[in-house]
Amino acid sequence: MNFEFSEEQLALRDQARRFLTDKCPPKAVRAILDGKDRYDRALWKGLADLGFMGVAIPEEFGGLGAGHLELCVIAEELGRALAPAPFSSSIYLAAEALMLAGSEEQKQKYLPKLASGEMIGTIAFSEGPGNPSPKNIQTVAASGRIAGSKNPVADGDIADFIIVAARTGKAGGEDDISLFIVDVAAQGVTRTIVETLDPTRAHAKVDFVNTPAESLGPKGQGWRILQDVLDRAAVLTAFEQVGGADRALEMARDYALDRMAFGRPIGSFQAIKHMLADMYVAATLARSNAYYGAWALSTGAAELPRAAATARVSATQAFQLCAKNNIQTHGGMGFTWEFDCHLYYRRANLLALSLGSLSQWEDKLITRMRATNAA
């Protein structure tokens, strides 16, 4: 097991970092935070022109066919730059669901447009507070129509299509959930913007009233497909979180070396040293677990569910810690709007909830570890 990227993948990382440093500096993130645009359209086009959206999509469906390791490399740089773009919804979620469960016709219809940035896609499975489960999905589907409400839906207000988890049985178990593709331009779709802690990533409440829907995958297999998609997305999101954690650590370190107090850098004080050390340990552990997840994802290893949960838990904890301690290291200035610390704090807490809460993923990790030990 080689826990290092190849020279080609490192070159891709350097290319992505140069591009994002140029096109997505903090002022570009702030422009979305302070403005009315829901995402950075110029950045989205640039990512598409570089082929980043299609890096893991097979060539026969308009992608580059490079693989998931390359996508992990790009995800880390997107997280480092806090990219205000619907990349994760379209690629980690919608594209992965289509590649796992889509028919040949559906793949030909949607994947090339996702790879080119022509379309934005997402998945809707949450229905308000609480961790998603088959029992709390009340959206229903029958005879090619969907009725119900999803909230929040990442990029739901800017997506062109939404993959919806809906109930097709009455018992409320896993076998009663199926997936459907909904065109947001169809009748009966209403979208309402939802404000979150991080406005640089769009979210919405989406209501469906007798809305036409197209089945994705076999009936009754939606919950299982969704869990596979979420495992894949967890690994990719972990790389975003690692990128954000590393950047927050760098910001704290640089400030600690430059800021003087009592005639010496504040980084020389024991309390600051301890915070920086804790950040470094957490970020390094998260990176190691993310690499394990990347290996499992790229090889289709049976360990993927456990590796995904491990990466998700570790990266969530690391990003939240690094974002919080970055503010603490900056002291009173760290809490102000003018400093960029709060941008990372916002994103860290948003990503901590994006695929289900940390506690839910901790439960998944424990369950999967027990299953492995029992086997």
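Here are some residues: R312, R368. Which one is closer than 25 Å to H203 by Cα, surrounded by 15 or more Cβ atoms within 10 Å (Cβ to Cβ) and either charged (D, E, K, R) or not assigned by TED's automatic domain parsing to the domain that holds L236 (or both)? Step by step, each of R312, R368 is checked, and only R312 is closer than 25 Å to H203 by Cα, surrounded by 15 or more Cβ atoms within 10 Å (Cβ to Cβ) and either charged (D, E, K, R) or not assigned by TED's automatic domain parsing to the domain that holds L236 (or both).
Among the residues of the range 328-373, which ones are in a helix (DSSP H, G or I) and of a type in the set (F, W, Y)? F335, Y344, Y345, W361, listed by residue number. Contact map, the range 13-34: residues that are under 22 Å from A202 (Cα atoms) paired with residues that are in a helix (DSSP H, G or I) and of a type in the set (G, A, S), Cβ distance under 6 Å, separation 6+ or inter-chain. Pairs shown: L20/A81; K23/G46; C24/A81. Does at least one position in the range 1-16 carry a residue that is closer than 19 Å to L197 by Cα, at pLDDT below 95 and assigned to a loop (DSSP other than H, G, I, E, B)? No: zero hits. For the range 1-12, the set of residues classified as touching a helix residue (DSSP H, G or I) at 6+ places or on another chain (Cβ under 7 Å) and without any contact (Cβ under 8 Å) to a residue 40 or more places away in the chain is empty. Of the numbered criteria (1) farther than 22 Å from L82 by Cα; (2) crowded, with 19+ Cβ neighbours inside 10 Å, the one A301 fails is (2).
Selection of the range 135-174 for residues being within 22 Å of S354 (Cα to Cα) and not in a strand (DSSP E or B) yields K135, N136, I137, Q138, T139, D155, G156, D157, I158, A159, D160, E174. Cβ-Cβ contacts under 6 Å between residues 6 or more apart (or on different chains), taken from a first residue in the range 251-280 that is under 11 Å from T329 (Cβ atoms) to a second residue that is part of a strand (DSSP E or B), are listed as L257/P265.
Could you pull out every one of the strands (runs of 3 or more DSSP E) wholly within the range 175-225 that has 1 or more residues that are free of Cβ contacts under 8 Å to residues at least 12 places away in the same chain?
In the range 175-225, no matching strands (runs of 3 or more DSSP E) lie anywhere.
Listed conditions (1) touching a Leu at 6+ places or on another chain (Cβ under 6 Å); (2) surrounded by 22 or more Cβ atoms within 10 Å (Cβ to Cβ) are all met by G51, apart from (2). Of the residues N289, N326, the single one that is among the polar types (S, T, N, Q), touching a helix residue (DSSP H, G or I) at 6+ places or on another chain (Cβ under 6 Å) and either surrounded by fewer than 17 Cβ atoms within 10 Å (Cβ to Cβ) or free of Cβ contacts under 8 Å to residues at least 60 places away in the same chain (or both) is N289.
Out of all the residues in the range 120-132, is one or more assigned to a helix (DSSP H, G or I), modelled with pLDDT under 95, surrounded by fewer than 24 Cβ atoms within 10 Å (Cβ to Cβ) and out of contact with any Asp or Glu (no Cβ under 6 Å at 6 or more places or on another chain)? No, that holds for no residue. For the range 272-290, the criterion of being not in a helix (DSSP H, G or I) and not charged (D, E, K, R) is met by none of the residues.
The values are calculated or read from the model by the stated rules, or taken from the named source; none is laboratory data. Since the model is a prediction, treat every value here as computed from it, not as a measurement. Ideal geometry is used to build each Cβ from the backbone, glycine not excepted, and the neighbour counts take in all protein chains shown.
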